[in-house]
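J.: Structure incoming, see below.
The values are calculated or read from the model by the stated rules, or taken from the named source; none is laboratory data. These numbers come from a predicted model, not from an experiment. Quick reminder, even Gly has a Cβ in these numbers, built from the backbone with ideal geometry, and neighbours come from all protein chains shown. Areas reflect the complete protein model, heavy atoms only, side chains present, ligands, DNA and RNA absent. Shrake-Rupley method; radii C 1.70, N 1.55, O 1.52, S 1.80 Å.
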Amino acid sequence: DRVISFGIAMPPDRPAVIGEKDARKVNDATAALVKQAPDKVIGFMSVWPEAPDALEEMERAYTDLGLRGLKLGPNYQNFEPLGENALRVYAKARELNLPILFHQGTSPIRDAPLRYAHPLVMDEIAIRFPELRIVMAHIGHPWEEDCIVVIRKHPHVYADISGRFYRPWSFHRGLHLAYEWAVMDKLFLGSDYPISMPQEVIDALRGLDDFAHKHHLPEIPRELLEQIIQRDALALLGLD
């Protein structure tokens, strides 16, 4: 019914492989997309927290462009996620009531520090900002168990399942861990677009029963998998 869309603001010394170095251009492009279908698209801004004007750009993106959340990838953007500048960005996000979607988990990019994208970092952020709504992308793969204990611990921290069905066994394992830890209600649908489409993720969720039977793995109740598809994530993130 609705889609959240965003770019990512890259630092000046990094190749703009997965984003754009000018945060204004990133956010202007997202706002232009929203304008094409405002009843369907919700735009998230992005900033590089080390930029001198990061807070000002957040204010502009919120006030002038109407963007309603924040996308960050500490490993890709090469910033210390518990550093002073990052903490100022989180405080500004809380002030503006912006949920933050963090890239969480591994990356094949050699100069993207893995420790910046580890789920246990999110635990420390949530301790400092208990009312900040946080989504950890990709269930923090391959650290799904660490991600699960964090979302279990903090009421406003969630995870999405984007990019997980590419590896079917770890997809099943991650979701079964979430079931075992009783946090299935903290999982959101995510597409990992443009690498995959939302329907592919939905089909993979609905096919987990067949995968479990074929490989003699424990089942996950079908109704709980269906609830991920139907969940009102926007209400939980304060975006409805």
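J.: If you find the alpha carbon centre of region 14-88 and of region 130-185, how far apart are they in angstrom?
T.: Comparing the Cα centres of region 14-88 and region 130-185, I get a distance of 24 Å.
J.: With r as the distance between the Cβ atoms of K40 and R206 and R0 = 25 Å, compute the FRET efficiency 1/(1 + (r/R0)^6) and round to 0.05.
T.: Values: r = 23 Å, r/R0 = 0.93.
Approximately 0.60, to the nearest 0.05.
J.: Further question: Which whole-number percent is the relative contact order of region 107-150 (Cα, under 8 Å, 6+ apart)? Before the final figure, lay out each step's value.
T.: On the way: 22 pairs, mean separation 19.0, N = 44.
Relative contact order comes out at 43 percent.
J.: With a cut-off of 8 Å between alpha carbons and a minimum separation of six or more residues, what is the relative contact order of region 16-81 in percent?
T.: 31
J.: For Cα pairs less than 8 Å apart in space and 6+ apart in sequence, what is the mean separation divided by the residue count of the chain, i.e. the relative contact order in percent?
T.: 12
J.: Quote the FRET efficiency, to the nearest 0.05, computed for S196 versus L87 with a Förster distance R0 of 35 Å and r equal to the Cβ-Cβ distance.
T.: In this case the efficiency is close to 0.60.
J.: Binned at 5 Å from 0, what are the whole-percent values of the Cα-Cα distance distribution for region 98-240, short to long?
T.: 2, 10, 21, 24, 21, 13, 7, 2, 0
J.: State whether region 11-86 is rounded, prolate or oblate according to the following rule on the C-alpha gyration tensor (a ≥ b ≥ c being the square roots of its eigenvalues): a/c under 1.5 gives rounded; otherwise a/b larger than b/c gives prolate, and the remaining case gives oblate. Present the calculation step by step, with values, prior to reporting the outcome.
T.: Details: a/c = 2.11, a/b = 1.66, b/c = 1.27.
Prolate is the answer for region 11-86, as a/c is 1.5 or above and a/b outweighs b/c.
J.: As a test of the formula, what do you get for the chain when each DSSP H run with n ≥ 4 contributes -39,500 (n - 2.57) and the sum is divided by the residue count, at 222 nm and rounded to the nearest 500 deg cm²/dmol?
T.: Computed mean residue ellipticity for the chain: -12500 deg cm²/dmol.
J.: On the accessible surface of the chain, probed at 1.4 Å, how many percent belong to carbon and sulfur atoms? Walk me through the numbers before you get to the answer.
T.: Values: 6160 of 11520 Å².
Here carbon and sulfur together make up 53 percent of the probe-accessible area.
J.: Under a 1.4 Å probe, what is the accessible area of region 11-99 per residue, stated in Å²?
T.: Averaged over the residues of region 11-99, the accessible area is 46 Å².
J.: Set Lys and Arg Cβ to +1 and Asp and Glu Cβ to -1, take the dipole of region 1-155 about its Cα centre, and tell me which of V135, I109, L87 lies farthest positive.
T.: V135
J.: Report the extension gain between D1 and A29 in nm, rounded to one decimal, defined as 0.36 nm multiplied by the number of residues separating them, less their alpha carbon distance.
T.: Once the chain is fully extended between D1 and A29, it gains 7.9 nm.
J.: Counting only pairs 8 or more places apart or on different chains, how many lysine pairs in the chain have C-alpha atoms closer than 20 Å? The partial results should precede the final answer.
T.: Working: K21/K71; K25/K35; K25/K71; K35/K71; K40/K71; K71/K92; K71/K186; K153/K186.
Pairs that pass both the separation and distance tests number 8.
J.: With a/c under 1.5 counting as rounded, go ahead and sort region 1-143 into rounded, prolate or oblate using the C-alpha gyration tensor (a ≥ b ≥ c being the square roots of the eigenvalues; past the cut-off, prolate if a/b is larger than b/c, else oblate).
T.: Since a/c stays below 1.5, the shape of region 1-143 is classed as rounded.
J.: Here's another thing I want to ask about it. In debye, nearest 20: dipole of region 159-240 around its Cα centre with unit charges on the Cβ of K, R (+) and D, E (-)?
T.: With Lys and Arg at +1 and Asp and Glu at -1, about 280 debye.
J.: If you don't mind, there's one more thing I want to ask. If amide H atoms are built 1.01 Å from N in the plane of the peptide, which residues on other chains or at least 5 residues away come under 5 Å of the amide H of R68?
T.: G43, F44, M45
J.: Order these peptides, 180-188, 29-37, 54-62, by their mean beta-carbon neighbour count within 10 angstrom, highest first.
T.: 54-62, 180-188, 29-37
J.: While we're here: Over region 152-193, with the other protein chains present, what is the accessible area per residue in square angstrom, probe 1.4 angstrom?
T.: 46
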